[in-house]
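The values are calculated or read from the model by the stated rules, or taken from the named source; none is laboratory data. These numbers were taken from a predicted model, which means no experiment stands behind them. Using ideal geometry, Cβ is built from the backbone for each residue, glycine included, and neighbour counts are taken over all protein chains shown. The accessibility values were calculated without ligands, DNA or RNA, using every heavy atom of the protein model including side chains. Shrake-Rupley method; radii C 1.70, N 1.55, O 1.52, S 1.80 Å.
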Amino acid sequence: MQKGNIGVTTENIFPVIKKFLYSDHEIFLREMVSNAVDATQKLKTLKAKGDFNGEEGDLTVRVSLNEKEKTLTISDRGIGMTAEEIDKYINQIAFSGVTDFLDKYKDQANAIIGHFGLGFYSAFMVAEKVDIITKSWQEGAKAVKWTCDGSPEFTIDDADKADRGTDIVLHIADDCKEYLEKQKIESLLQKYCKFMTVPVCFGKRQEWKDGKMQDTDEDNIINNVEPLWTKTPSTLKDEDYKSFYRTLYPMQDEPLFWIHLNVDYPFNLTGILYFPRVKSSIELQPGKIQLYCNQVFVTDQVEGIVPQFLTLLHGVIDSPDIPLNVSRSYLQSDANVKKISTYITKKVADRLKAIFNENRKEYEEKWDDLKLFINYGMLTEESFYDRAKDFALFKDVDGKYFTFDEYKTLIEGNQKDKDDMLVYLYATDKEEQYTFIEAANAKGYSVLLMDGQLDTPVVSMLEQKFEKTRFTRVDGDVIDRLIAKSDVKATELTADDTDNLSAVFTTQLPKLDKAELHVEIQSLGDQAQPVVITQSEYMRRMKEMSRYQTGMAFYGQMPDMYTFVLNADHPLMKRVLSESTAATADALKPILSELKGQQARLAAIRQAQDKKKYDELTQEDRDQKAEAEKAVEEQKQKRTQVIADYAKGNDVVHQLIDLALLQNGMLKGAALDRFLKRSVELIK
């Protein structure tokens, strides 16, 4: 018997392994099975080179549980090890057995995964003791058994093993008993080993018989050694890709389409990326792309390998050139990673462009599903925008599709304002904004439908990309001001008429939760609506952007800002003004007279004080001005109160306000009930 200490630089290497070196305990099984597959692949390489002349026989890697003995065993019929090799590759942790092997068989190194060294020690994350029972493929080799209980001490004994290969026996620790459960081990094998290059068996296949599941004589092979991404695309049919997708994601709808990645220079990369069929970002979840290294599962956290926006795709990427740490769990920064990310971005863009060019009709039919991906890509990846601008689409309210260039050509003759800015009108809801869309159409303007969840940040981005361009929602103002062809026409109302009409409506506006309502009077023509509600494009967009950018959160707390635009040219508005002026004339006469007197006094005071510097004003000067301002404000409040008392009983005013609110989906509850009853009374 040989005894000794494992050659490590740290006395307490095993606690380090258990707590810090490996991020996820469950990957121990991947490392054990990967090592078994390595050993088997090495035997195949030796056979191909003519160095091994024996029979390969059954090369299946077998995983077995013994709950009574509390052991989990991983067995292979690969190259095995001699006592000297165990001492070199197991006892000297810093040395990797694959180095010597690759030096000799570097031409066939592609088939060899990882290393047999540190990966092996992940076993001590779950095992209190580990046995290695192994026999080398070399002629005359003797079987040996290596045992270690998690301390630096080990023993090597002769062993009784007739066949070549290695059995790794893990004596599972009491605090890791879940790894003695059949269901747990099967789920881990499915997760990490289902595409390994050598058959992996776990127990027997089961079938339903005599009212229960029973074992058959057939091995339960858990992996597919030739997954679809390893095959030549020209040999595959659409149904092959769809079937593989169902294997990866059994509960998902059929994908829109897929991209088969296959490159061997300047790095090695294969894989298949699928575009899932989604309508809402709620359905978009990162972590659906599985990363493999020579068919060994590594992670589904692919940030850094795949551009951020493409983490929303589904599928598989396999590359031996992606650097991994000792546990194969975390990616390290590396020049290859950047190259791979750039390549994938280009490949996806090329595939989308090809579909667009080859069958635009089919592409347009899929646009609503693709839109989230492409918008997200353009927002987060500058290089992707440069490519996507040729196949990204606008859709108008009539369901017609345009490229960016096509749409610009369509509108540039009619939708430029007096300052030569090209104005893109858009709606977010065809039904709610129907009246505004109709008003735009009446002017011969086109309106885009931008109802996607990323359309607000996309609009802001495109304003930066397009020259002399402004996007504005179709309900952001009255149509003649959205695309102002000339200076706004002033109303013919006197200052008193303007104040009167404004007060009639302002005093009757409802109090809405988290909303501020303002009144503005414009001259819109007698054919336009008497009252139109608009919402500031800037404030509305800032509030929407606050959902995506944490630094803008304060905008999200601000109330919605709405403007009631009163059309001074409309007959109803003229009637309201005329009737309110007549009804309040007597009551307002003394108030207006006093108001004008106080305003004249205030103007004289201000004129006199404006000739003095601020520090030359006495307290008496300041008090005199404050008193005059207060007197003016008191008369204004009296005027407003008189008008409010009148307007309270004016059904036409309330009906016009409620119609505007109803048109914008803002009339609800008791207010809607009052409107309906008033409507009946007005038409009796």
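Things to note:
- The C-beta contact set for the stretch 367-378 (first residue in contact (Cβ under 8 Å) with a residue 40 or more places away in the chain and within 18 Å of Thr345 (Cβ to Cβ), second residue among the hydroxyl-bearing types (Ser, Thr, Tyr) and open to solvent by 20 Å² or more (accessible area, probe 1.4 Å), distance under 7 angstrom, 6+ apart or interchain) comprises Leu372/Ser281.
- Complete set of residues in the stretch 366-385 that are farther than 22 Å from Lys400 by Cα and open to solvent by less than 10 Å² (accessible area, probe 1.4 Å): Gly377, Phe384
- The set of residues in the stretch 327-365 that are part of a helix (DSSP H, G or I), at pLDDT 80 or above and loosely packed, with under 15 Cβ neighbours inside 10 Å comprises Thr342, Lys346, Asp350, Ala354, Asn357, Glu358, Arg360, Lys361, Glu362, Glu365.
- Test: residue in the stretch 609-622 that is within 30 Å of Phe436 (Cα to Cα) and either open to solvent by 30 Å² or more (accessible area, probe 1.4 Å) or not charged (D, E, K, R) (or both): no
Matching residues to (1) without any contact (Cβ under 8 Å) to a residue 24 or more places away in the chain; (2) open to solvent by 20 Å² or more (accessible area, probe 1.4 Å); (3) in a helix (DSSP H, G or I); (4) of a type in the set (Val, Ile, Thr):
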site	(1), (2), (3), (4)
Val198	no, no, no, yes
Lys204	yes, yes, no, no
Met213	yes, yes, no, no
Asp219	no, yes, no, no
Ser243	yes, yes, yes, no
Trp258	no, yes, no, no
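- Selection of the stretch 486-500 for residues being farther than 22 Å from Leu595 by Cβ and open to solvent by less than 80 Å² (accessible area, probe 1.4 Å) yields Ser486, Ala490.
- Checking each residue in the stretch 67-90 for being of a type outside the set (A, V, I, L, M, F, W, C) and either crowded, with 23+ Cβ neighbours inside 10 Å or in a loop (DSSP other than H, G, I, E, B) (or both) picks out Glu67, Lys68, Glu69, Lys70, Asp76, Arg77, Gly78, Gly80, Thr82.
- Among (1) surrounded by 14 or more Cβ atoms within 10 Å (Cβ to Cβ); (2) under 30 Å from Gln433 (Cβ atoms); (3) touching a helix residue (DSSP H, G or I) at 6+ places or on another chain (Cβ under 8 Å), the one test that Asp651 misses: (1)
- Candidate set: the stretch 379-393, residues that are among the hydrophobic types (A, V, I, L, M, F, W, C) and touching a residue at least 24 places away in the same chain (Cβ under 8 Å); chosen: the one farthest from Tyr343 (Cα to Cα): Leu393
- For Lys430, the requirement of being within 27 Å of Arg360 (Cα to Cα), in a loop (DSSP other than H, G, I, E, B), in contact with an Asp or Glu (Cβ under 9 Å, 6 or more places away or on another chain) and not acidic (Asp, Glu) is met.
- Number of positions in the stretch 568-599 that are over 29 Å from Gly525 (Cβ atoms) and hydrophobic (A, V, I, L, M, F, W, C): 5
- Flag: Thr472 matches the condition of being outside any loop (DSSP other than H, G, I, E, B) and either open to solvent by less than 30 Å² (accessible area, probe 1.4 Å) or among the hydrophobic types (A, V, I, L, M, F, W, C) (or both).
- Selection from the stretch 654-684 of residues that are surrounded by 15 or more Cβ atoms within 10 Å (Cβ to Cβ) and assigned to a loop (DSSP other than H, G, I, E, B): Asn664, Met666, Leu667
- Tabulated pairs, the stretch 58-83, first of a type in the set (Val, Ile, Thr), second part of a loop (DSSP other than H, G, I, E, B) and open to solvent by 60 Å² or more (accessible area, probe 1.4 Å), C-beta under 9 angstrom, 6+ apart or interchain: Ile79/Trp137; Ile79/Gln138; Thr82/Gln138; Thr82/Lys142
- Residue in the stretch 639-649 that is assigned to a helix (DSSP H, G or I), small (Gly, Ala, Ser), more than 30 Å from Arg473 (Cβ to Cβ) and more than 57 Å from the chain's Cα centre (by Cα) present: no
- If you go through the stretch 593-623 and keep only what is modelled with pLDDT under 90, among the charged types (D, E, K, R) and in a helix (DSSP H, G or I), you end up with Arg606, Asp610, Asp615, Glu616, Glu620, Asp621, Arg622, Asp623.
- The number of residues in the stretch 396-419 that are in a loop (DSSP other than H, G, I, E, B) and open to solvent by 70 Å² or more (accessible area, probe 1.4 Å) comes to 6.
- Subset of the stretch 445-460 (residues that are small (Gly, Ala, Ser) and at pLDDT below 95): Gly452, Ser460
- Listed by first and then second residue, the pairs with beta-carbon distance under 6 Å, at least 6 apart or on different chains, first residue in the stretch 634-651 and at positive phi, second open to solvent by 70 Å² or more (accessible area, probe 1.4 Å) and part of a helix (DSSP H, G or I), form an empty list.
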